[in-house]
Each structure stands twice: as C-alpha cells, then as structure tokens.
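The values are calculated or read from the model by the stated rules, or taken from the named source; none is laboratory data. All values reported here derive from a predicted model rather than from experimental measurement. Heads up, the Cβs are rebuilt from the backbone with ideal geometry, glycines too, and the neighbour counts pull from every protein chain shown. SASA here: full protein model, heavy atoms, side chains in, ligands and nucleic acids out. Shrake-Rupley method; radii C 1.70, N 1.55, O 1.52, S 1.80 Å.
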Amino acid sequence: MLQELPTLTPGQYSLVFNMFSFTIATMAAAFVYFVLAQKNLAPKYRVSMMVSALVVFIAAYHYFRITGSWEASYVLNANEGVYEFSGKPFNDAYRYVDWLLTVPLLVVELVLVLGLPKSESGKMIAKLAISAALMIVLGYPGEVSESAELFGARGLWGTLSTLPFVYILYILFTELGSTIQQQSGRVATLLSNARLLLLATWGFYPIAYMIPMFSAGYPTETPGAVVALQVGYTIADVTAKAGYGVLIYSIAKAKSEEEGYDVGEMVQPVAAEA
Ligand SMILES: *C/C=C(C)/C=C/C=C(C)/C=C/C1=C(C)CCCC1(C)C
C-alpha cells in the first residue's frame, strides 16, 4: 500500500519504529536458532525447521524494508515537536508480499512436522497453501483501497479473503484433527497447541484489518488507527512466525525422540574426567 500518513507525536512515531526494529532483531535471532536447532532433529524433520528458518529470514528482510519506508515517510518538525508526512508514501505492500510468501510456508511447516506419508502430505499442503495464498491476494485490494468503510471496498475484499481463511480452519480442525489423534499423547498435545496458536495469531490479522473500518477519516486523520494497525500486524507477525516456529521445533524434537533419536543439547559439555 502506498499510503499517505497522518501527523504523529514523537511517541507514536517511535512506537511503530521501535516495534519494527524489535521485529527485525527477533526474526534474525529466530533464523539463527532454527538453523542451529535443526541439527538436533531426525533427518525427516529437519526440512520443517529449514522452512521455519526461511519464513523468519523473509520476514526479517521485509521488516528491514518496511522500517526504511516508515523512516522515509516522516520528517521531524522540530518547531512543533511532531512528525509530519514527508510526501513519500509509506509502502505497506512489503507486508502483503511477505505474507504471500510466508503464509503458505507456515502451513507447510505444520504438515511436514506431522511426518505423514508423502501422498497424503502433498495433497494437504496443496490445499492449504493455495487457500493461504488466495486469502492474502484477496485481502490486498481492500487494504490499499481508498474506501476504508465496512460496506466499501475494504469490507468487500475482507469478506472474500475470509472465505479461504475459514476453509483453512476447517481443514485444520477436521482432516488435520484426525491425523493429530493418531499421534502419541505428548505429540498430540503439542500439535493441538500449535494449531491453537495458529488460530489465535492468524485470527488477529482480520481484526487488525478492521480497525480502519471503524476510524472515520482513515488514514490521514486517524493517527491512533494507523499506529494500532502497524503495531497489531507486527505483534501478530512475531508470534505467528518466530513463536510458532519454536513450537514446531518442540514437536519435531518430541517426534525425533519417540523415533529413537537422541536429541541432546546443541553443545555437549566436555566430561571432566579425573
Ligand atoms: C506471517 C504472516 C501471517 C501469518 C499472516 C496472516 C494473515 C492473515 C491470516 C490474514 C487474513 C485476512 C483476512 C482473513 C481477512 C482480511 C484480510 C486479511 C488478509 C488481513
């Protein structure tokens, strides 16, 4: 979205800037963690961690671009002590490009960690990844539309985007549900936690998306709504990508252990022999 922005107080400007900056650091740290941690897993589950690493890498890059665009969109008016729109539109399309790549990968992570036979996992990945991409593509015209009203373009595209979203949840709680029940107790619990985290974090995006619908004059007259939307999407991204990746890792680790792999610490202490 190439967006004009409202005048912000230094506190509002910095809150968004610092959230972006925190997210770059978190995604980069998660990348290093996922790359190192996959060595602890049975080979079968490593690819799932590599996908997690890819997701946070892509996100770190896009947050770097988003932060740059945010900085360029504002100039400090020192006389009045406020941040004013510089005339250079804020490019929020980075977000949607990021989601288009990462959201299908997030469902791939979950399906891969189940360790299903190839024919089954292939079908499930295709269904979920295509719906996930469709959900993002349909949401975009609403996000960039001039009319932020509930019964305008934002509402219409938002509703269309919700259809594949509901379909994804349906698959997760029906087909995937029966697969989860076939797993051992510990793994089944971890898997249903991952599914709940996915539901909770993904469910946050359509809620954040609706903020402008209830903010007359969005975006130029609604500093609060602009800040809330950016902060909301950012918190959701950190949990849905880095936090979720950690859960996927714990599932992969539990499954590796069950399959007889000795999942040790990354660095074994040197035994102090007498
Ligand atoms: C890492 C990024 C993630 C997990 C992004 C997820 C995004 C969604 C679940 C977005 C969903 C939307 C709707 C269901 C309707 C309104 C438009 C969207 C795209 C915000």
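Of all residues in the stretch 215-223, one or more are farther than 20 Å from Ala93 by Cβ and either aliphatic (A, V, I, L, M) or free of Cβ contacts under 8 Å to residues at least 60 places away in the same chain (or both).
When Leu229 is tested against (1) farther than 30 Å from Asn40 by Cβ; (2) more than 15 Å from the ligand (Cβ to nearest atom), just one condition goes unmet, and that condition is (2).
Does Lys88 satisfy the criteria of being in contact (Cβ under 8 Å) with a residue 24 or more places away in the chain and either open to solvent by less than 20 Å² (accessible area, probe 1.4 Å) or away from the ligand (no atom under 16 Å from the Cβ) (or both)? Break it down into steps so the answer makes sense when it comes.
On the way: in contact (Cβ under 8 Å) with a residue 24 or more places away in the chain: no; either open to solvent by less than 20 Å² (accessible area, probe 1.4 Å) or away from the ligand (no atom under 16 Å from the Cβ) (or both): yes.
Taking the combined requirement at face value, the residue does not satisfy it.
Meeting the requirement of 1 or more residues that are more than 30 Å from Gln12 (Cβ to Cβ), the helices (runs of 4 or more DSSP H) wholly within the stretch 135-239 are 153-173, 175-181, 185-210. For the stretch 123-165, the candidate set comprises residues that are more than 12 Å from the ligand (Cβ to nearest atom) and of a type in the set (Val, Ile, Thr); within that set, the residue that is farthest from Phe90 (Cα to Cα) is Ile125. For the stretch 204-216, a residue qualifies if it is small (Gly, Ala, Ser) and in contact with a helix residue (DSSP H, G or I) (Cβ under 9 Å, 6 or more places away or on another chain), and the qualifying residues are Ala208, Ser215. Taking each residue of the stretch 21-42 that is over 30 Å from Glu258 (Cα atoms) and looking for partners that are modelled with pLDDT of 95 or more and among the acidic types (Asp, Glu) with beta-carbon atoms closer than 9 Å, six or more apart or interchain, yields Thr23/Asp237.
When you check Val111 against the structure, is it closer than 18 Å to Gln182 by Cβ, within 16 Å of the ligand (Cβ to nearest atom), at pLDDT below 95 and more than 15 Å from the chain's Cα centre (by Cα), yes or no? Write out each step before concluding.
Values: closer than 18 Å to Gln182 by Cβ: yes; within 16 Å of the ligand (Cβ to nearest atom): yes; at pLDDT below 95: yes; more than 15 Å from the chain's Cα centre (by Cα): yes.
So Val111 fits the description; yes.
Checked against (1) in a helix (DSSP H, G or I); (2) farther than 30 Å from Val227 by Cβ, Leu116 passes all but condition (1). Leu163 meets each of the listed conditions (1) crowded, with 16+ Cβ neighbours inside 10 Å; (2) over 19 Å from Lys241 (Cα atoms); (3) at pLDDT 95 or above apart from (1).
Among the candidates Tyr63, Tyr33, single out the residue that is open to solvent by 40 Å² or more (accessible area, probe 1.4 Å), part of a helix (DSSP H, G or I) and among the hydroxyl-bearing types (Ser, Thr, Tyr). Outline the logic, then answer.
Numbers: Tyr63 fails: open to solvent by 40 Å² or more (accessible area, probe 1.4 Å).
Step by step, each of Tyr63, Tyr33 is checked, and only Tyr33 is open to solvent by 40 Å² or more (accessible area, probe 1.4 Å), part of a helix (DSSP H, G or I) and among the hydroxyl-bearing types (Ser, Thr, Tyr).
If I filter the stretch 182-198 for residues that are at negative phi, of a type outside the set (Ser, Thr, Tyr), within 13 Å of the ligand (Cβ to nearest atom) and open to solvent by 30 Å² or more (accessible area, probe 1.4 Å), do I get at least one hit? Looking for residues that are at negative phi, of a type outside the set (Ser, Thr, Tyr), within 13 Å of the ligand (Cβ to nearest atom) and open to solvent by 30 Å² or more (accessible area, probe 1.4 Å), one finds at least one in the stretch 182-198, hence yes.
On the stretch given as the stretch 93-130, residues that are farther than 23 Å from Leu247 by Cα and crowded, with 21+ Cβ neighbours inside 10 Å total 1. Taking the stretch 218-247 as the search range and keeping residues that are of a type outside the set (A, V, I, L, M, F, W, C) and farther than 21 Å from Leu198 by Cβ, which one is most open to solvent (accessible area, probe 1.4 Å)? The residue in question is Glu221. When you go through Trp157, Trp202 one by one, which is the residue that is farther than 23 Å from Tyr45 by Cα, hydrophobic (A, V, I, L, M, F, W, C) and open to solvent by 70 Å² or more (accessible area, probe 1.4 Å)? Residue meeting the stated conditions: Trp157.
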